[in-house]
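Read the structure below first, then the notes.
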Amino acid sequence: MSIVYLDHAATAWPKPEPVLRAAVEAMRRAGGNPGRGAHPLSDAAAELLYTAREEAADFFGGTPERTVFTPGATYSLNTAIRGMVKPGDHILYDNFAHNAVLRPVLALKKAGICTADPYDASRGDEALFASLEKALTPRTRMVIATHRSNVCPRCLPVREIGRFCREHGLLFVADAAQSAGHDPISVEEDGIDALCMPGHKGLLGLPGCGLLLLSREARCDPLIYGGAGILSEEPGMPEELPERLEPGTLPLASIASVLAGIRLVRRLGLDEIREREEKLSRLFVSGLGKAGRYRTVGDTRGSVVSLLHERLSPAWIGALLGERGICVRTGFHCAPLAHKTLGTAENGTVRVSFSFSNTAEDIERILNVLKEIDEF
Amino acid sequence: MQDCIITVKSRTAAERGRRSYPQSGATVVSLDPGVTRHGCSFGLRLPCRNVGRMKAELDRMGIPYGEVIGGYGAG
């Protein structure tokens, strides 16, 4: 059975050959522990690691020493949120927030450390800023924005939110889990204090590596403590970034793969990537009407389309698609608040997410199977 | 020709410094914990004649550095 992979919002697949080769090469040529010695293999590892920092920082408008490698976007978000707030702070988060945002925020709230409220990002940008203004309190210190939802293609205006945060003296955390490698985003230009992303989605790398890019002003405490390769006799974590936030041994194979992925994305260009994804999305949505009693949920422009059937449940549709080799995701996609916002909180949706590597034949195949399912 | 070592706190800072002045001939070296009295640290080993320019580059990049240790290598 040949596979049609339409679950890129969960993780990119197949990984491009240069990405896989980069990971293997890293372990062959640079298998030492970066920053933990000065022998040839450790040096090679440290140089590769710094190159990855430098190029990631350049691509996302950051600086190399404030580009932190983490185990993933969830870890980046937890570090940014829990590491930057202080007791008594008030946090604002949008109503498309993923659990990687929602749960750390609600844990802080439950522990009595912070207060937090959602703002409405579902009714256009003007309404978003009205909602933000309304939700502000004298204790508000942080705004978190889902750059692009993982349920529908809603894309929040990060630059304007960044400006709003600067004007109000607030920290700005951007969740770029779905946008990195698809949409332009920059720490410097968008006024972001903490930009969080995975390496294995739009950046095409292997799982196990995420990024946290901090602004020059951001001060972030670590979540995890341990060896940093420097200042070993100090009882606490060093103040120096990125070491302060990178305890333990880094996953160099995964980091090397992300570096290769960033180079691929840059070579192809974000405009070209978006154009291809949106073309596939349009093709899919235009064919969906003829496939049966389906409807889309929320916006349909972008690489993620959520759909529902008049009678059949999302899980059932997903299982039938899976039996025919078509990979999609169903349910809440770890974003229950987004489903509440979109009115799909009962069973969630079927999420079809495209990549520039998909083809018109992939779309034809899923539409044909959806038609069969409708007639089931 | 004698080499000197400019001490810096981290491998990242050392690598950043080295790349900011590639003509300096600097290499990154690991230092004995006793050198900084705070544990492991790193240094930029380079010909002593390039120390002034490298320090200027480190200042320009905002990279903190510590003492300069001289007298390495054959004369």
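The values are calculated or read from the model by the stated rules, or taken from the named source; none is laboratory data. Because the structure is predicted, anything quoted here is derived from the model rather than measured. Every residue, glycine as well, gets a Cβ built from its backbone with ideal geometry; the counts of neighbours run over all protein chains shown. The protein model used for the area step is the full one, side chains on, heavy atoms only, and it has no ligands, DNA or RNA in it. Shrake-Rupley method; radii C 1.70, N 1.55, O 1.52, S 1.80 Å.
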Identify all residues within the stretch A:76-99 that are in a helix (DSSP H, G or I) and either of a type in the set (Ser, Thr, Tyr) or open to solvent by 10 Å² or more (accessible area, probe 1.4 Å) (or both); write none if there are none.
A:Ser76, A:Asn78, A:Thr79, A:Arg82, A:Asn99
Does A:Ala107 count as within 14 Å of chain B (Cβ to nearest Cβ), over 20 Å from A:Ala228 (Cα atoms) and either touching a strand residue (DSSP E or B) at 6+ places or on another chain (Cβ under 8 Å) or surrounded by fewer than 24 Cβ atoms within 10 Å (Cβ to Cβ) (or both)?
no
What are the residues in the stretch B:32-60 that are more than 9 Å from every other protein chain (Cβ to nearest Cβ), closer than 17 Å to A:Ser42 by Cα and open to solvent by 10 Å² or more (accessible area, probe 1.4 Å), if any?
B:Asp32, B:Arg45
Limited to the stretch A:202-257, what total is found for residues that are part of a loop (DSSP other than H, G, I, E, B) and either within 13 Å of chain B (Cβ to nearest Cβ) or out of contact with any helix residue (DSSP H, G or I) (no Cβ under 8 Å at 6 or more places or on another chain) (or both)?
27
Within the stretch A:46-75, residues part of a helix (DSSP H, G or I) and of a type in the set (A, V, I, L, M) come out as A:Ala46, A:Leu48, A:Leu49, A:Ala52, A:Ala56, A:Ala57, A:Ala73
Return the residue satisfying two criteria in turn: it lies in the stretch B:1-25 and is within 11 Å of chain A (Cβ to nearest Cβ) and assigned to a loop (DSSP other than H, G, I, E, B), and of such residues it is least open to solvent (accessible area, probe 1.4 Å).
B:Ser10
All positions within the stretch A:5-45 that are more than 14 Å from chain B (Cβ to nearest Cβ), surrounded by 20 or more Cβ atoms within 10 Å (Cβ to Cβ) and either among the β-branched types (Val, Ile, Thr) or assigned to a helix (DSSP H, G or I) (or both)
A:Val19, A:Ala22, A:Ala23, A:Ala26
Restricting attention to the stretch A:46-65, the residues that are at the interface with chain B (Cβ under 10 Å from one of its Cβ atoms) and either open to solvent by 20 Å² or more (accessible area, probe 1.4 Å) or out of contact with any Pro (no Cβ under 6 Å at 6 or more places or on another chain) (or both) number exactly 7
Take A:Arg266 and tell me if it is at pLDDT 95 or above and either farther than 28 Å from A:Ser303 by Cα or touching a His at 6+ places or on another chain (Cβ under 8 Å) (or both).
no
Could you please give the count of residues in the stretch A:215-247 that are of a type outside the set (Lys, Arg), more than 20 Å from B:Ala14 (Cβ to Cβ) and open to solvent by 20 Å² or more (accessible area, probe 1.4 Å)?
8
